[in-house]
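The values are calculated or read from the model by the stated rules, or taken from the named source; none is laboratory data. Owing to the predicted nature of the structure, the values given are computational and were not obtained by experimental measurement. Don't worry about glycine lacking a Cβ; one is built from the backbone with ideal geometry, like all the others, and counts go over all protein chains shown.
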Amino acid sequence: MNSEPAFFETNPQAATVGQPLSRVDGRAKVTGQAKYSAEYNHLAGMVHAVLKTSDVAKGRITSIDTSAAQREPGVLAILTHQNLPKPAVTADTKEGKEAIGPSVQMTFLPLTTDQVYYAAQPVAIVVADTLEHAQHAAAKLRVTIVPETPIASYQDPQAKKFNPSKDPNGAAEGTTRRGNALEAFRKAPVQLTGTYTHATNHHNPMEPGATIAHWEAADRITVYDTAQGVAWQQRALSAFLGLPQDQVRVINKYLGGGFGGKGPIWPHTVLAALTAKAVGRPVKLVLTRPQMFTGMGHREDQEQTLRLGATKEGKLLALLHEKTSTTSPWDEYAETNAKIVGMLYQCPAFEATTQLARANVMTSSWMRAPGEAPGSFAIECAMDDLAAQLGLDPIDVRLRNYAEKDPSTGKPWSSKSLKQCYARGAELFGWSKRNPKNGLTRNGKYLVGWGMATASYPVHSAQGNARVRLYADGHAVVQVGATDLGTGTYTIITQVAADALGLAPEKVRFELGDTVLPTTIISGGSMAAGTVSSSVYVAAQDVWQKLTKLALMDAKSPLYRAKPADVEVVKGRLQLKSNAQKGESFADLMKRAGIADVEGSGQGRYGAGYESAQAALNAKSDDAGKDDAGQHSMHSFGAHFCEVQVDPELGTVHVTKWVSVVAGGRILNPKTARSQIIGGSIMGIGAALMEGTVRDEKLARYTNANLADYHILVNADIPEMTVEFIDEHDPYINAMGVKGIGEISIVGTTAAVGNAIFHATGRRLRSLPITPDKIL
Ligand code: MOS
C-alpha cells in the first residue's frame, strides 16, 4: 500500500470542496420555503403561550390575580409557580445537572418558586387560541411582587466578590500559574498595567428564541426549537420531562443565527414543554425582542487587569491577569479569558485569577468566542502598548514573542501559520506606510489610525456520527443531526459528500437538524464544520470499502480478485492504482450487482487526522487508526488590521479599512467562510464601538433591551472588508483538516479597533464600547 496519507485533497480529488459554492439552502430561504422553528403551523389545535415577566429584579410574589385575564377571549390557561406541572428534575442538584447535561447554563428554572431573582424573570404563562389573545390577557394579569433591593453588578458596592469553586480557565486550584509571575513582573525592566472593562453584550440573532412543543402521546414529545444543537436539547428535555431520550424528538431545520445564545437550553424551552403538557395541546412560545435580553444569556459585564513585564527588547517576562465579572444568584459562569492571554505569546511566567460577584441577573453564557474575545482585548492592547513604549512596530513586537510551542502546555502546534497571516495582512493593508508615531496621521479634520491584533481560537475536542447512503441511480442522502446556524453547514457538507462520492452537489441531499439522525456536536465552539465534514468523509469511506469488497468478489468486475491495497477511489470510480483504465464506477458496480443503495456510517473525531482515514481506506477493521492522543495543541490563528478615522470634534469613530487574514486549516468553501469572518469581525467592531446593554444601577433592569437602543452596526458603519485565508494543511486535526472558523473572527477584533484609535489619537482607551463620550 502506498504510504502517502489519504488526506482529502489527494483522494478523492476535490471538485467542489474549496470552491465558493453558493448556499444550497439559499433558494429555500429567499422563497420562504425554509421552515424555522416557529413556523410549524400545521399542528392541529396549536395554541400560543406568552411569558408574563417580573418588573422588579428581586422580590417575592405575594399574589397573582388571574380573574380579569381569565375572562378575556380565547384564554385557555394561566400557569404560575402554583399550577405549572413540575419538571422531573431541576438543574440545581448535582444529579439533576448531570442528567440534563452540557446544555444547561442557567440552573434556575422560573415558575418553580415564588422568588424573583432578576428583572424580566418569567412569573406566569398565559395560553390562548391566538397570540394576540394571549398578549392581551397577559396585560390584564396582576402579579404582586414585594420588592427587595437588588444588586446590579460586580460594581455594586453591596456585591460580594469570591473565587469560583472551579477555576473557569481549567486550573485545579482556582489559579492558573506557570513560573513566578509576580516576582518576574517586579524585576522586569519594562512594566505595563492596564484595566480593561467590557460592557454586557447580548446576542441579537434575527430569529428570536422560539419553541413549539407537541406531545404526540402522554409519553412522547416533539419539540421544534431554536437550538444550536438538537442532541443536547434532546438530552436536557428528556431529563426535565422524565422521558427516555428516544421519546423526545427535537427538530431544527433552519436557524436564524445564534452566536452562542442558542447553544444552551433556556427556561422558555422547558416551560413550553411543561405548558403543552398542562393544556394538552401543541404550544408555541416565541420570545419577544425585549425578552431576548433576559431569556438566552449574555456576555457578562467584566473587568480585567493585565500586568505585563518585558525586557527592553520587548520580550515578555511575565503576564499577570485578574478578572472580575458578574454572575447570577445560582451559577458561577465566567468567560475563560485567561486561556488566550496565557497561550498567545511565549512568556515564561503567567498567572491568572478569576473573581465573581453575584447580582440579580440571569446567568451569563457563551457568546461568540467566550473568553477569547474579551481576553484578546486585554493582551492585544497590552502588546500594542509595549510596542509604542519601546518604539517597535506592533507586528515586530509580536514576532519577538512568537510562540513556537503552546506556552500553556508546552505541546507543539498541530499547525500554525500566524507569521504568514501577519505578512499577508500587512501586505494587503499597506502596513509598511504606517507612521510609527501616534496622533500624526490626518485626513482633513479626521485623525487617522492604523491598528492590528492577533487572533486565535482553539480546536475543541468533539466527535460526531454520520450516515451516507449512495443510490445506484447516482444520488446520495447524507444524514447528520447537525445544525446550520445560517452560516453554511448545509452547503459545506453537501460539497464534502459530493466529492467523496464523485457526484455533482445537486445529486446530494444533506439532511440535518433532527434527533432521529446520527448524533453530532452542537454548532458551537467552532466545532461543527470540522467534526461534521470529517464524519461524512469517513462515512463515505465506509461506502468505498463496501463497494471495494463487492467489486473484488464479483467475477464480472474489472477488479475481480484485485488486492484491496491496489485499488483506489477516484471521483466515484474504483480503479487500479497502477492502471486507471481498469476499473468501474460505483453506479455500474451497484447496478450489475442489483444493489439499490449502499449505506456507510462514520465518526468524525478531534485529533483523528488522516491516519484514521488511511486506516479506513485500507479496509482493515482491526486497525482503528492512530489518533493524535493529545500530543498537539490545536488552534487556528489570524491577524486583523483596522483603519479608523476619528472626528476630534464629535468623538465619532469610523472604521474605514479592514483586513483579516486567517489560517484555519482547510477552507471548505471560501464564500461561506468569508461571510463567517466578516460577520464575526463586524460583531467585534460592534463590541468595540457600540454594543453594550446598560443595567440600571438601582433597579438592576436593562434600560436598552431593544434594537432601537442597543446599537449594533449597520451596513453604513462598515467599509469594504478584505478577507484572505492562508492555505494550511493540518494532518492532526481531523480527517478533513478543518479547524473551524466560526469564532476566530471576533478574537482580537476589539483590540485592533482600540489600537487603531490609540494610533489616531494617542489615547489608550480600555473601556468597551469606545463611545464618543470616551473619545472626547
Ligand atoms: Mo459559539 S459562543 O460556541 O456558539
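If you go through the range 98-155 one residue at a time, how many are surrounded by 20 or more Cβ atoms within 10 Å (Cβ to Cβ) and touching a Phe, Trp or Tyr at 6+ places or on another chain (Cβ under 6 Å)?
Here the count works out to 2.
List every residue pair whose Cβ atoms sit under 6 Å apart, with the two residues 6 or more apart in sequence or on different chains, where the first one lies in the range 555-583 and is closer than 17 Å to Ala540 by Cα and the second, anywhere, is part of a strand (DSSP E or B) and of a type in the set (Val, Ile, Thr).
What qualifies is Leu574/Val567.
If Glu427 satisfies every condition in (1) surrounded by fewer than 17 Cβ atoms within 10 Å (Cβ to Cβ); (2) within 27 Å of Asp727 (Cβ to Cβ); (3) not assigned by TED's automatic domain parsing to the domain that holds Leu765 but one, which is the exception?
All conditions are met except number (3).
Output the residues belonging to the range 420-452 that are touching a strand residue (DSSP E or B) at 6+ places or on another chain (Cβ under 7 Å) and of a type in the set (D, E, K, R).
Arg424, Arg434, Arg442
Within the bounds of the range 473-484, is there any residue that is surrounded by fewer than 19 Cβ atoms within 10 Å (Cβ to Cβ) and either in contact (Cβ under 8 Å) with a residue 40 or more places away in the chain or within 16 Å of the ligand (Cβ to nearest atom) (or both)?
Yes: the range 473-484 contains one or more residues that are surrounded by fewer than 19 Cβ atoms within 10 Å (Cβ to Cβ) and either in contact (Cβ under 8 Å) with a residue 40 or more places away in the chain or within 16 Å of the ligand (Cβ to nearest atom) (or both).
Name the one entry in Tyr732, Tyr710 that is closer than 30 Å to Gln291 by Cα, among the aromatic types (Phe, Trp, Tyr) and in a loop (DSSP other than H, G, I, E, B). Explain how you work it out, then say what you get.
Numbers: Tyr732 fails: closer than 30 Å to Gln291 by Cα.
Step by step, each of Tyr732, Tyr710 is checked, and only Tyr710 is closer than 30 Å to Gln291 by Cα, among the aromatic types (Phe, Trp, Tyr) and in a loop (DSSP other than H, G, I, E, B).
If the requirement is being in contact with a helix residue (DSSP H, G or I) (Cβ under 7 Å, 6 or more places away or on another chain) and basic (Lys, Arg), which of these qualifies: Arg442, Arg467, Arg509, Arg434?
On inspection, the qualifying residue turns out to be Arg467.
Do you know which residues across the range 341-366 are within 14 Å of the ligand (Cβ to nearest atom) and buried (at least 24 other Cβ atoms within 10 Å of the Cβ)?
Ser364, Trp366
Residue-wise test of (1) farther than 24 Å from Asp514 by Cα; (2) of a type in the set (D, E, K, R); (3) assigned to a strand (DSSP E or B); (4) touching a residue at least 24 places away in the same chain (Cβ under 8 Å).
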| residue | (1), (2), (3), (4) |
| --- | --- |
| Ala14 | yes, no, no, yes |
| Arg27 | no, yes, no, no |
| Gln33 | no, no, no, no |
| Val56 | yes, no, no, yes |
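Test each condition in (1) without any contact (Cβ under 8 Å) to a residue 24 or more places away in the chain; (2) crowded, with 20+ Cβ neighbours inside 10 Å for Gly410 and report the one that comes out false.
Looking at each condition in turn, Gly410 falls short on (2).
Return the total of residues in the range 209-241 being more than 16 Å from the ligand (Cβ to nearest atom) and either in a strand (DSSP E or B) or under 23 Å from Ile712 (Cα atoms) (or both).
Going through the range 209-241 one residue at a time, the tally reaches 13.
Please find, among Pro370, Pro374, the residue that is assigned to a helix (DSSP H, G or I) and either in contact with an Asp or Glu (Cβ under 7 Å, 6 or more places away or on another chain) or closer than 20 Å to Ser328 by Cβ (or both).
Going through Pro370, Pro374 in turn, the sole match is Pro374.
Please indicate, with yes or no, whether at least one residue in the range 97-117 is farther than 19 Å from Met292 by Cα and hydrophobic (A, V, I, L, M, F, W, C).
yes
Out of all the residues in the range 728-762, which are away from the ligand (no atom under 16 Å from the Cβ), crowded, with 24+ Cβ neighbours inside 10 Å and among the polar types (S, T, N, Q)?
Asn734, Asn755
Going through the range 669-691 one residue at a time, which ones are buried (at least 21 other Cβ atoms within 10 Å of the Cβ) and assigned to a loop (DSSP other than H, G, I, E, B)?
If the condition is that a residue be buried (at least 21 other Cβ atoms within 10 Å of the Cβ) and assigned to a loop (DSSP other than H, G, I, E, B), then Asn669, Glu691 are the ones that fit.
When you check Ala272 against the structure, is it away from the ligand (no atom under 15 Å from the Cβ), in contact with a Lys or Arg (Cβ under 8 Å, 6 or more places away or on another chain), small (Gly, Ala, Ser) and closer than 27 Å to Ala528 by Cβ, yes or no?
yes
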